[in-house]
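Structure first, then comments.
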DNA sequence: TTGTAGGCGTTATCAA
DNA sequence: TTGATAACGCCTACAA
């Protein structure tokens, strides 16, 4: 039934060769030097005994592992699951296995995972997900990553470049600025913004870019039209409800606001739901735009004006960064978003 | 810069104690026996030297790891990412790290991953995702899992109970049968089905359940109204387009079909898009129902009649199964779906 | 309570 | 080309 584990020694004995030879035959070590005849004998023995190499022992002997650590805020969020998809694909290509942690934005859990990967001697760690402006948390994480990195581990993050490591940054400002310009070009003039949580840097960047884009066109957004809310569907719902209850949006597009920009797609969808719940029509009474171009939401009605991010590519990219030899200076790789205008913001007569 | 790795020996020397004592102090081994005074000295030394235990070495010495393998078909699919979310949460509670593979439904990659986890001596392997009727692939996978299991690894799958291991099954037939009954109760009589791929067992079960539920009410579905298509959004789109082009669905609900059941939500959404693209209205011209109750799609318009699955719970459940001591007989844990009627299938006058 | 020493399964060095 | 044998970093009887 459950005989002891078969080790390489067993295989060697079975094949009538030395341990060293068996090792060489099975993994074709550096100097490919083992007579085919013996090699086959070893392989046959290994197969016969159902030998399975112990990866932990190999890792120890070789001094390197085959693990890649990946931290995301929330794996159930389509934004992250798409990035993870890109990472797993790239990792598989690189012959690595990915160890995943979904930390729910908890700095302590992020830290714990970095420590865990450090102990696992993982080859690299990837951190996905925007930071907040919690300087302590960022510093602590940066320190942990630096410590890990100083022992030869690769590190890369997607988000803001403030962890002192290779980073894939999203051109949030530029993209939202462009979105603002396009919406303006479509005839929108009176904007409100569902700006996400206060300390959320990605949310902030998207908000700033949008506001600045408008400012460049001479349009300003007063504070009463900026609602801070959770970075989630429910946050969008509540934010929009707030706008409605403030009397900013009303039927016939006659309200003080003719378009709402939500700093991500799921918020935008929540906002749409809130609008409907309030008896308002989108885009009839108000236009709505989001950010991310989440695939699952591509069939929403009306189709959502948004900014497309190549999330899977970003995952692949950050993996390459994490795996490539470290530079003295951290590399920053900016990724552009593409504004996509759809039915949720038709031309405003 | 990159000094050699700090080992436990270094810590022991620095603390002026033996290796054994250092080991006991740091991990508080079985018999908690180490004078507080010494313990503190060791801990201080460890901290001073920035000691990080080598998990691989520990795994080898202890003879057990802390890894949990998880295979899904496609991590970018919200169905799976939700399950993964449940698994990662449960794994964290159990003090395990999860190693993820997204296999894109490729049997060879599934196998490769099981083998990989076998070599890693992972504590357990979880396989999420319905099987196909490819007997060879199923047998091969079952064998690999059995082999793994015979070495003491835990195994559990969510899907069909044909791998000979603990399984969380979805009550596909019962749920879809109930859905059929409810739709019938709402006045629908002339159904078409977007049935998914031919060999896909989950798709088949959902189709069968729906058909049987109708049959019990004296309603039959002839083959012309069953379209096989990919288990994806695009599959749903194409399937619906096919139905339309066959002249089965037309404006005013006057066509031969008054409701379409898609075997999952993303297909249903694709079908909605196709209906719209064909100038048809949902639910005006045709009702549509799906399966899964994907959260991200909960705000789709019209809101989708579907069957809710507690996906995160399923993830937690399958994790518990995988981690609990193996039984002689595989356990089968059925999970019910809950029919949720929404706007996409209003009462039919 | 602490220390000594053997072992975990491989790889790698160095002779033969 | 092959084979002893020493690491690899840690845990754990067993002995002191």
Q) Quick one: in segment A:88-111, which of the residues that are assigned to a helix (DSSP H, G or I) and at the interface with another protein chain (Cβ under 9 Å from one of its Cβ atoms) is surrounded by the most Cβ atoms within 10 Å (Cβ to Cβ)? A) A:88
(Q) Within segment A:324-346, take every residue that is over 18 Å from the mean Cα position of the chain (by Cα), within 30 Å of residue B:298 (Cβ to Cβ) and more than 13 Å from chain B (Cβ to nearest Cβ) and give me the one that is surrounded by the most Cβ atoms within 10 Å (Cβ to Cβ). (A) A:345
Q: For residue A:149, state whether it is touching a strand residue (DSSP E or B) at 6+ places or on another chain (Cβ under 8 Å), within 14 Å of chain B (Cβ to nearest Cβ) and closer than 30 Å to residue B:7 by Cβ.
A: yes
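Just to be sure before I move on: is residue A:321 part of a loop (DSSP other than H, G, I, E, B) and either at pLDDT 95 or above or away from chain B (no Cβ under 14 Å) (or both) in the structure I sent?
When the stated conditions are applied, residue A:321 does not pass them.
Tally up the residues in segment B:50-82 that are surrounded by fewer than 16 Cβ atoms within 10 Å (Cβ to Cβ) and either more than 8 Å from every other protein chain (Cβ to nearest Cβ) or assigned to a helix (DSSP H, G or I) (or both), please. Please lay out each step first, then the result.
Residues of segment B:50-82 surrounded by fewer than 16 Cβ atoms within 10 Å (Cβ to Cβ): B:50, B:61-64.
Okay, now just the ones that are also either more than 8 Å from every other protein chain (Cβ to nearest Cβ) or assigned to a helix (DSSP H, G or I) (or both), so B:61-64.
Residues that pass the stated criteria total 4.
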Q: From B:205, B:142, B:146, B:135, grab the single residue that is under 19 Å from the mean Cα position of the chain (by Cα) and more than 25 Å from residue B:237 (Cβ to Cβ).
A: B:142
(Q) Among the residues of segment B:112-120, are any under 22 Å from residue A:84 (Cα atoms), outside any helix (DSSP H, G or I) and within 14 Å of another protein chain (Cβ to nearest Cβ)? (A) no
Q) When you go through (1) touching a residue at least 60 places away in the same chain (Cβ under 8 Å); (2) away from every other protein chain (no Cβ under 14 Å); (3) more than 26 Å from residue B:104 (Cβ to Cβ) one by one for residue A:162, which number turns out not to apply? A) (1)
Q) Pick from A:55, A:90: which is within 14 Å of DNA strand D (Cβ to nearest atom) and either assigned by TED's automatic domain parsing to the domain that holds residue A:321 or in contact with a helix residue (DSSP H, G or I) (Cβ under 6 Å, 6 or more places away or on another chain) (or both)? A) A:55
Q.
Testing residue A:210 on (1) within 26 Å of the chain's Cα centre (by Cα); (2) surrounded by fewer than 24 Cβ atoms within 10 Å (Cβ to Cβ); (3) in contact (Cβ under 8 Å) with a residue 40 or more places away in the chain, one condition comes back false. Which one is that?
A. (2)
(Q) I'm trying to understand the selection: among the residues of segment A:121-152, which are assigned to a helix (DSSP H, G or I) and in contact (Cβ under 8 Å) with a residue 60 or more places away in the chain? (A) A:149
Q: Read through the list (1) over 30 Å from residue B:293 (Cβ atoms); (2) without any contact (Cβ under 8 Å) to a residue 60 or more places away in the chain; (3) in a helix (DSSP H, G or I); (4) touching a helix residue (DSSP H, G or I) at 6+ places or on another chain (Cβ under 7 Å), then give the number of the only condition that residue A:252 fails.
A: (4)
Q | Index of the failed condition, residue A:17 passing every other in (1) more than 9 Å from every other protein chain (Cβ to nearest Cβ); (2) touching a residue at least 12 places away in the same chain (Cβ under 8 Å); (3) closer than 25 Å to residue B:66 by Cα | A | (3)
Q: Only residues that are free of Cβ contacts under 8 Å to residues at least 24 places away in the same chain, surrounded by 12 or more Cβ atoms within 10 Å (Cβ to Cβ) and away from DNA strand D (no atom under 11 Å from the Cβ): list them for segment B:21-49, please.
A: B:38, B:39, B:40, B:43
Q | Residues that are assigned to a loop (DSSP other than H, G, I, E, B) and either modelled with pLDDT under 90 or more than 8 Å from DNA strand C (Cβ to nearest atom) (or both), drawn from segment B:18-49 | A | B:28, B:29, B:30, B:31, B:32, B:33, B:34, B:35, B:49
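The values are calculated or read from the model by the stated rules, or taken from the named source; none is laboratory data. Everything numeric here is computed off the predicted structure, so don't read it as measured data. Virtual Cβ from ideal backbone geometry, glycine too; neighbours counted across all protein chains shown.
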